[in-house]
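Below is one structure, written out as structure tokens; the observations come after it.
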Amino acid sequence: TQVDKNSREYLLRQVANGRYSLLLIVIIVGGVMSGIFTATESAAVAVAYTLFLSIVVYRSIKIKDLPKILLDACETTAVIMFLIAGSNVMSFVMSFTGLPSAIGNALISVSSNKYVILLIINLVLLVVGCFMDTSPAVLIFTPIFLPIVRTFGMSDVQFGVMMVMNL
């Protein structure tokens, strides 16, 4: 029989079909809140549980596909780690040469109004976020902009949220 997609029966059937997947939320939050594992360890537990579900319960992944999946994951991780390593080197060189203070002085010379400078910083981060991955951008631009926003009384956490949202 055809079931109306807005009916209660359809909703209950869909929740029943996804009960094992919904249990993942309980495992992660419950494990972290109860102290069984840390937030970082919860990622590993989530991957293991999802892999188990994909192979055993839903049968969406075959054992023979695992080497290719793991190779793709390693390749993606290597690219991200290479970007982070390069940005760490760039951050060190910039700090060594005094570039962050020079950029800070240049920004302050544009305007003494903190809102104008924050608008410029937001625009720069927004444009950089269009072309660059978030992790390297945070590593490169935090030492440049953090001293500037501290002079205006902005907290580090507030700046971090602003930076991540822009990127």
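When a 1.4 Å probe is rolled over the protein heavy atoms, the share of accessible surface on region 1-143 that falls to carbon and sulfur comes to 71 percent. With the simple model of a label 7 Å out from the Cα in the direction of the Cβ, Phe37 to Val15 spans 2.7 nm.
Taking the charge dipole of the chain about its Cα centre, with +1 at Lys and Arg Cβ atoms and -1 at Asp and Glu Cβ atoms, the residue from Leu118, Val128, Tyr10 reaching farthest to the positive side is Tyr10.
Computed extension length for Leu146-Ile61: 26.1 nm, one decimal, from 0.36 nm per residue of separation with the Cα-Cα distance subtracted. Dividing the Cα radius of gyration of region 41-127 by 2.2 N^0.38 Å, with N the residue count, gives 1.88. The GNM of the chain, with springs linking C-alpha atoms under 10 angstrom apart, assigns the highest mean-square fluctuation among Met33, Met90, Met81 to Met33. Taking the chain as a Gaussian network, Cα atoms linked when under 10 Å apart, which of Leu71, Leu11, Leu146 shows the biggest mean-square fluctuation? Checking each option, the largest mean-square fluctuation is seen for Leu11. In the chain, once you exclude exposed trypsin sites (Lys or Arg not before Pro) (DSSP loop, at most 15 other Cβ within 10 angstrom), what's the longest stretch remaining? Looking at the chain, 63-167 is the longest stretch - no exposed trypsin sites (Lys or Arg not before Pro) with at most 15 other Cβ atoms within 10 Å.
If only the Cβ of Lys and Arg carry +1 and only the Cβ of Asp and Glu carry -1, the dipole of the chain around its Cα centre is close to 380 debye. The mean accessible area for residues of region 52-145, using a 1.4 Å probe and ignoring ligands and nucleic acids, is 67 Å² per residue.
Label-to-label distance, Leu51 versus Val79, with points set 7 angstrom from Cα along the beta-carbon direction: 2.2 nm.
A Förster radius of 45 Å combined with the Cβ-Cβ distance from Val26 to Asn122 puts the calculated FRET efficiency at roughly 0.70. Our analysis of the chain gives Rg over Rh at 1.15, with the two radii drawn from alpha carbon positions and Rh computed by the Kirkwood formula. Measuring nothing but alpha carbons in region 1-99 and taking Rh as the Kirkwood radius, the Rg to Rh ratio lands at 1.20.
The values are calculated or read from the model by the stated rules, or taken from the named source; none is laboratory data. The structure displayed is predicted, hence computed values, not measured ones. As a convention, Cβ positions derive from the backbone with ideal geometry for all residues, glycine included, and neighbour counts pool all protein chains shown. Remember, those area values only see protein heavy atoms, side chains included, never the ligands or the DNA or RNA. Shrake-Rupley method; radii C 1.70, N 1.55, O 1.52, S 1.80 Å.
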